[in-house]
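Read-outs: derived from the displayed coordinates by stated rules, not from any lab. Treat the numbers as computed from the prediction; the structure is a model and nothing was measured. Glycine also receives a Cβ, built like all others from the backbone with ideal geometry; neighbour counts cover every protein chain displayed.
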Amino acid sequence: RHKAYKFRIYPNQEQQILIAKTIGCSRFVYNHFLNMWNTAYSNTGKGLSYPSCSAMLPKMKKDVETCWLKEVDSIALQSSLLNLADSFSRFFKKQNKRPQFKSKKNPVQSYTTKNVNQSIEIKENYVKLPKLGFVKLAKSREPKGRIL
């Protein structure tokens, strides 16, 4: 059983910029592959697969037009692809409607990352996040268990 904790963070100016870039890149990757998935679905009647999209992501980072994807957390980009694959699998099972494009104007903007090799940890009033380093944290209580 997993338990979620919600804390407020106070990033400095550089960290705020990197967070905004990460959210924007995650949205770009989601929308780019959603467009490809929709095209494949309309042509063949079947969508793409997560492994095929995941294999295209490193090629996109090497491309001149999308080389700016290297600046952000790679796990966040993979997570947005995983969310897209999950939403399409739900669509094919007729559990949900067809996935829609992410908008910059949506008031809720977020990205997901994973704890790989202790990349996320809480020390005193700071949380260590991938690519961001230590971010100031308003710690109202002590989290128990391991961080996922």
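Can you tell me which residue in segment 102-126 is surrounded by the fewest Cβ atoms within 10 Å (Cβ to Cβ), limited to those that are out of contact with any Phe, Trp or Tyr (no Cβ under 7 Å at 6 or more places or on another chain) and in a strand (DSSP E or B)? Only one residue tops the list, namely 123.
Within segment 87-115, residues that are farther than 20 Å from residue 17 by Cβ sit with their Cβ atoms under 9 Å from residues that are among the β-branched types (Val, Ile, Thr), at 6+ positions apart or across chains, in these pairs: 114/75; 114/120; 115/147. Every test in (1) in contact (Cβ under 8 Å) with a residue 24 or more places away in the chain; (2) among the small types (Gly, Ala, Ser); (3) closer than 18 Å to residue 86 by Cα is passed by residue 40 save one, and that test is (1). What are the residues in segment 18-50 that are of a type in the set (Val, Ile, Thr) and surrounded by 12 or more Cβ atoms within 10 Å (Cβ to Cβ), if any? Selection gives 19, 22, 23, 29, 39.
Filtering segment 45-100 to residues that are out of contact with any helix residue (DSSP H, G or I) (no Cβ under 7 Å at 6 or more places or on another chain), not polar (S, T, N, Q) and not in a loop (DSSP other than H, G, I, E, B) leaves 51, 55, 56, 58, 59, 62, 68, 75, 86, 90, 91, 92.
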